[in-house]
Amino acid sequence: MKKSLAAVILVASFLGTATVSAEQGKGLNVTVTSADRQTQMMAMVLSFEAMKTHGREVSMVLCGPAGDLALKSTETAAFKPLRKSPTMMLNALLEMGASVEVCPLYLPNAGKTTDELIDGITVARPAVVAGRLLDTDYRSLTF
């Protein structure tokens, strides 16, 4: 019985090991526009897991109401069970090397400036974002 349990644990740990293959691509293009904090949180969690667990690159564009996440002044509530908030996860993504940008329409239409952005967040250039979206080595997710 103990040997069977040990074998099951060994196989389960092996199957849970992240591997990188060509079919899985290099990373994710994540576009977040939703004002819903739970939706924003899911975008952050999946992006975080893609980077941490699966070793993928993440390029994120925040636009519309989600652009507020890019502001130094924005504070969001923590979600269970992680006890983390969308802004906390966004900062973690930046620390891990994710590319995070606001769409070029956000700042002028929200009456904000680049000085109000979290350090490391920049303004997206449409031609560059379009190129990333067309790159078949990346999957695109929209929240």
Would it be correct to say that LEU141 is touching a residue at least 12 places away in the same chain (Cβ under 8 Å), not in a strand (DSSP E or B) and not β-branched (Val, Ile, Thr)? no
How many residues does the range 92-119 contain that are under 18 Å from the mean Cα position of the chain (by Cα), without any contact (Cβ under 8 Å) to a residue 40 or more places away in the chain and surrounded by 14 or more Cβ atoms within 10 Å (Cβ to Cβ)? 1
Residue in the range 47-71 that is surrounded by the most Cβ atoms within 10 Å (Cβ to Cβ), counting only those that are touching a strand residue (DSSP E or B) at 6+ places or on another chain (Cβ under 6 Å) and small (Gly, Ala, Ser): ALA70
Condition (residue is on the phi < 0 side of the Ramachandran plot, touching a Cys at 6+ places or on another chain (Cβ under 8 Å) and either among the charged types (D, E, K, R) or in contact (Cβ under 8 Å) with a residue 60 or more places away in the chain (or both)) applied to the range 54-75: is it met by at least one residue? yes
Assess whether THR122 counts as being touching a residue at least 12 places away in the same chain (Cβ under 8 Å) and under 19 Å from LEU141 (Cα atoms). no
Which numbered condition in (1) in a helix (DSSP H, G or I); (2) surrounded by fewer than 19 Cβ atoms within 10 Å (Cβ to Cβ) is the only one that THR74 fails? (1)
Checking LEU141, LEU82 in turn, the sole residue that is hydrophobic (A, V, I, L, M, F, W, C) and more than 11 Å from VAL30 (Cβ to Cβ) turns out to be LEU82
Any pair with Cβ under 7 angstrom, 6 or more apart, that starts in the range 35-49 at a residue that is within 9 Å of PRO86 (Cβ to Cβ) and ends at one that is modelled with pLDDT of 95 or more and of a type in the set (S, T, N, Q): ARG37/THR76; GLN40/SER34
Being among the hydrophobic types (A, V, I, L, M, F, W, C) and within 18 Å of GLU75 (Cβ to Cβ) is the filter here, so list the residues in the range 34-50 that pass it. ALA35, MET41, ALA43, MET44
Could you tell me whether the range 18-33 includes any residue that is modelled with pLDDT under 70, hydroxyl-bearing (Ser, Thr, Tyr) and exposed (fewer than 13 other Cβ atoms within 10 Å of the Cβ)? yes
Go through the range 120-143 and report how many residues are surrounded by 15 or more Cβ atoms within 10 Å (Cβ to Cβ) and within 17 Å of SER34 (Cα to Cα). 2
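The values are calculated or read from the model by the stated rules, or taken from the named source; none is laboratory data. In this text, all values refer to a predicted model and were calculated from it rather than measured experimentally. As a convention, Cβ positions derive from the backbone with ideal geometry for all residues, glycine included, and neighbour counts pool all protein chains shown.
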